[in-house]
Amino acid sequence: MYRITRPILYTAIAVITLIQIAIISHVGIGSSRPDIAVIAVIFFGLFFGSAAGAETGIGFGLLRDILGAPGAFGLNIAILGIIGFFAGILADKVYREHPFTQALGAFFVVWCLTHANAGSALYSAFVAPLEFLILMFLFETREVSWIEFEEDNG
């Protein structure tokens, strides 16, 4: 497992939430929008363990509940915390660096969360590998085995 400090984790939660609210909420195909917060919860669970995944999910859930997401207060906290926890449990059982695994995980979770809204789930599945790649770069999880880098030995 990789390591991450809490201030960096909380900063990532705040920045991703701002991106979700300011940019992603206005970029959609019809009523479908990717859920980059859920993708980030899956990422932190897979790469940093179940504790970091649950903590990230609880952080995103708390921000969603405070900022007025529909539903009872605390529902997002519980659901996203559980998603992060189980993503951490699955970390050793899935090939987390492969884009297909990332897209499939994002599709399944968002599809279940949005009550079978296939548009948002597909949109999230297409965005997930790109978001994983960005987060892997930012948090120095260098196991990007599906991208080949050519070395210049000149």
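With respect to Thr11, determine if the residue is touching a residue at least 12 places away in the same chain (Cβ under 8 Å) and either closer than 20 Å to Met136 by Cα or not small (Gly, Ala, Ser) (or both). Against the criterion (touching a residue at least 12 places away in the same chain (Cβ under 8 Å) and either closer than 20 Å to Met136 by Cα or not small (Gly, Ala, Ser) (or both)), Thr11 does not qualify.
A residue that is free of Cβ contacts under 8 Å to residues at least 12 places away in the same chain and either under 18 Å from Ala128 (Cα atoms) or part of a helix (DSSP H, G or I) (or both) cannot be found anywhere in the stretch 41-63. Remark: pairs (first residue in the stretch 91-106, assigned to a helix (DSSP H, G or I); second residue hydroxyl-bearing (Ser, Thr, Tyr) and surrounded by 14 or more Cβ atoms within 10 Å (Cβ to Cβ); Cβ separation under 8 Å; 6+ apart in sequence or on different chains) = Ala91/Ser50; Ala106/Ser124. In the set (1) more than 14 Å from the chain's Cα centre (by Cα); (2) surrounded by 14 or more Cβ atoms within 10 Å (Cβ to Cβ); (3) outside any helix (DSSP H, G or I), the condition left unmet by Pro70 is number (2). Scanning the stretch 19-37 for residues that are under 16 Å from Leu135 (Cα atoms) and assigned to a helix (DSSP H, G or I) yields Ile19, Gln20, Ile36, Ala37. If you check Ser50 against the conditions, is it of a type in the set (Ser, Thr, Tyr) and in contact with a Phe, Trp or Tyr (Cβ under 9 Å, 6 or more places away or on another chain)? In short, yes.
If you go through the stretch 25-61 and keep only what is buried (at least 18 other Cβ atoms within 10 Å of the Cβ), closer than 21 Å to Ser124 by Cα and aliphatic (A, V, I, L, M), you end up with Ile36, Ala37, Val38, Ile39, Ala40, Val41, Ile42, Leu46, Ala54, Ile58. Would you check if Gly88 is assigned to a helix (DSSP H, G or I), over 24 Å from Gly59 (Cα atoms) and in contact (Cβ under 8 Å) with a residue 40 or more places away in the chain? When the stated conditions are applied, Gly88 does not pass them.
Residue count for the stretch 48-86 satisfying the condition of being at pLDDT below 90, closer than 17 Å to Asp35 by Cα and in contact with a Ser or Thr (Cβ under 9 Å, 6 or more places away or on another chain): 2.
The values are calculated or read from the model by the stated rules, or taken from the named source; none is laboratory data. Predicted model, so just to flag it, every value in this text is computed and none were measured. Ideal geometry is used to build each Cβ from the backbone, glycine not excepted, and the neighbour counts take in all protein chains shown.
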